[in-house]
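Here is the structure we will look at.
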Amino acid sequence: MNTKKLIAGMLFVGLCAVSQAQTAKSTSSDPDNLAKEYFSQIMGVASNAMANTKLYQFVYEWLGTPYRLGGDSKKGIDCSKFSLAVYENVFNTTIGYNSRNQYANVKPIRKNDLQPGDLVFFKIRSRQITHVGIYLGDDKFAHAASSRGVMISNLNEAYWKRYYYNGGRPSEINEAMLADAGSDDEDKNLH
């Protein structure tokens, strides 16, 4: 009886060691995969939806930054300056300086067709656009909220669902660019 327990224990330990080695090999050999897993857990977005690591890293670095109307630094930022900072730093392109101007410069995108990096616009107690965020995937978006600063929210939360207006993508940005912005420059030169 003790021999059977010993053999079963040794088999279990052996299987665990093999499994651990395979897991360590697959994640440590791909730093992007490790980053995607990390950001996936923090932001609540499935890792397979995280094609643009640069986008998620940028958002992560700004999480918790306080809200300040007209602000454009880590000391305080508003929603439109946050989306402008994302586009300038992640996609190397400039969009408008306020949410209405940004909406005027995008191609409207239906909610079901949103891709990570697209803009999401809201009309909060107004007939005009009053708020903007950056779509991350899985119905999550990053934005600078007046109540809690830069944070991640869900488009399906009652508040955001009520005031959601439309999504948008700047005309010079296409779906391939949204995904490729996370690749390194060497990979871009190969295409």
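Rule-based calculations on the coordinates, nothing more; no lab input. Predicted model, so just to flag it, every value in this text is computed and none were measured. A quick note on method: Cβ atoms are made from the backbone with ideal geometry, for glycine too, and the neighbour counts reach across all protein chains shown.
A few remarks follow.
- Enumerated helices (runs of 4 or more DSSP H) restricted to the stretch 48-140, each holding at least 2 residues that are within 12 Å of the chain's Cα centre (by Cα) and buried (at least 16 other Cβ atoms within 10 Å of the Cβ): 53-62, 79-90
- Any chance Glu172 is under 21 Å from Ser73 (Cα atoms) and either in a loop (DSSP other than H, G, I, E, B) or of a type outside the set (Val, Ile, Thr) (or both): no
- Extreme residue, farthest from Tyr97 (Cα to Cα), among residues of the stretch 141-158 that are free of Cβ contacts under 8 Å to residues at least 40 places away in the same chain and surrounded by 16 or more Cβ atoms within 10 Å (Cβ to Cβ): Ser153
- Where a residue in the stretch 97-110 is under 16 Å from Ser126 (Cα atoms) and its partner, wherever it lies, is of a type in the set (Gly, Ala, Ser), with Cβ under 7 Å and at least six apart: Asn98/Ser80; Ser99/Ser80; Tyr103/Gly168
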